[in-house]
Amino acid sequence: MKWTMHCRPGRLDKILYVPLPPPEGRGAILQALTRKTPLAVDVDVGAVGASPHCHGFSGADLAALVREACICALKVCTCPQAM
């Protein structure tokens, strides 16, 4: 349904393929996404991006990962017995 909506006349002139980022690109994306986020000193976002667990992640997936990690950290800090 979404695909047909975006391909209707007048929406987009061209269809662009944007490949998934390589491991070092994922690390750079995570670095940019977390630049204003307080992190523990032992967190290596480059290693997280290069991890096989992040294989196939797009920039949007990495942004969602950072948001979810922030939410989990807030839950642990505010309510330690919940985790």
- Message: Give me the one-decimal nm value for the distance between modelled label points at residue 69 and residue 33, 7 Å along each residue's Cα-to-Cβ direction.
- Response: 0.8 nm
- Task: Would you mind computing, in nm to one decimal, how far apart the modelled labels at residue 55 and residue 40 are, each placed 7 Å from Cα along Cα→Cβ?
- Result: 2.6 nm
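Laboratory data are not the source of any read-out in this text; all were calculated from the coordinates shown. Note that the structure is a prediction, hence the values are computed from the model and not measured. Backbone-built Cβ (ideal geometry, glycine too); neighbour counts: all protein chains shown.
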